[in-house]
Amino acid sequence: MISLEFLLASAIGLLASTGVYLILRARTFPVVLGLAMIGYAVNLFLFAMGRVQMASPAILTDPSKVTDPLPQALVLTAIVIGFATTAFIVQLALRSRYESGNDHVDSKEEIIPIDPREDEP
């Protein structure tokens with residue numbers, strides 16, 4: 001039988017590897033999805049490190065069966081911050097697509113230097 005720890009570790013590894021794969025793409029939308037997936041992997045990792053116990057209170061009634069509320073609070077905060085950051089990155093990507101006309105992450109256009117001597121009479 002597969003243990004819960006193995007499933008959680010596999011999910012974290014799958015999310016992290018998929019996120020890295022998507023970040024290495026040349027388009028903006030896969031890069032945004034990859035950043036979100038890495039954020040989800042980090043959230044699951046933080047949640048797993050909190051040693052969550054089923055049906056255990058977060059207050060000190062029995063010191064041997066206490067769930068630490070700090071990792072849960074950190075994950076909840078990270079979810080909110082990750083959502084706001086993702087929304088901001090999507091807006092930047094849309095603006096970049098509007099300004100440049102393409103959605104490539106790396107610029108393939110040739111940059112022409114401006115010669116200051118051209119303005120002189």
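Which members of the stretch 1-24 meet the condition of being surrounded by 14 or more Cβ atoms within 10 Å (Cβ to Cβ), more than 20 Å from I81 (Cα to Cα) and of a type outside the set (V, I, T)?
Residues of the stretch 1-24 that are surrounded by 14 or more Cβ atoms within 10 Å (Cβ to Cβ), as a first pass: 8-9, 11-12, 15-16, 18-19, 22-23.
Okay, now just the ones that are also more than 20 Å from I81 (Cα to Cα), so 8-9, 11, 18, 22.
Result: L8, A9, A11, L22.
Go through the stretch 13-31 and give me each residue that's in a helix (DSSP H, G or I) and among the small types (G, A, S). Steps first, please.
Within the stretch 13-31, the subset in a helix (DSSP H, G or I) is 13-23, 28-31.
Correct list: G13, A16, S17, G19.
Taking the stretch 94-106 only, how many residues are open to solvent by 100 Å² or more (accessible area, probe 1.4 Å) and modelled with pLDDT under 80? So that I can check it myself, show each step before the final result.
Filtering the stretch 94-106 down to residues open to solvent by 100 Å² or more (accessible area, probe 1.4 Å) leaves 94-95, 97-99.
Cutting the leftovers down to modelled with pLDDT under 80 gives us none.
Matching residues across the stretch 94-106 total 0.
When the residues of the stretch 43-63 are narrowed to those that are open to solvent by less than 80 Å² (accessible area, probe 1.4 Å) and closer than 23 Å to T86 by Cβ, which ends up modelled with the lowest pLDDT? Please lay out each step first, then the result.
Within the stretch 43-63, the subset open to solvent by less than 80 Å² (accessible area, probe 1.4 Å) is 43-44, 46, 48, 50, 52-53, 56-58, 62.
Those left that are additionally closer than 23 Å to T86 by Cβ: 43-44, 46, 48.
On the way: N43: 91, L44: 90, L46: 87, A48: 84.
Residue satisfying both the conditions and the ranking: A48.
In this structure, does Q91 turn out to be surrounded by 10 or more Cβ atoms within 10 Å (Cβ to Cβ) and at pLDDT 90 or above?
yes
Please verify whether P69 is surrounded by 10 or more Cβ atoms within 10 Å (Cβ to Cβ), under 25 Å from A9 (Cβ atoms) and modelled with pLDDT under 90, treating the condition exactly as stated. It would help to see each step written out before you state the result.
On the way: surrounded by 10 or more Cβ atoms within 10 Å (Cβ to Cβ): yes; under 25 Å from A9 (Cβ atoms): yes; modelled with pLDDT under 90: yes.
Spelling it out, P69 is indeed surrounded by 10 or more Cβ atoms within 10 Å (Cβ to Cβ), under 25 Å from A9 (Cβ atoms) and modelled with pLDDT under 90.
Those residues that are within 30 Å of N102 (Cβ to Cβ) and without any contact (Cβ under 8 Å) to a residue 12 or more places away in the chain, I need them from the stretch 1-29; list them, please. Can you show your working first?
At the first step, the residues of the stretch 1-29 found to be within 30 Å of N102 (Cβ to Cβ) are 15-29.
Once the filter is applied, which keeps residues that are within 30 Å of N102 (Cβ to Cβ) and without any contact (Cβ under 8 Å) to a residue 12 or more places away in the chain, the stretch 1-29 yields S17, L24.
The values are calculated or read from the model by the stated rules, or taken from the named source; none is laboratory data. Everything numeric in this text was worked out from a predicted model, so none of it was measured. Backbone-built Cβ (ideal geometry, glycine too); neighbour counts: all protein chains shown. The area values use the complete protein model at the heavy-atom level, side chains included, leaving out ligands, DNA and RNA. Shrake-Rupley method; radii C 1.70, N 1.55, O 1.52, S 1.80 Å.
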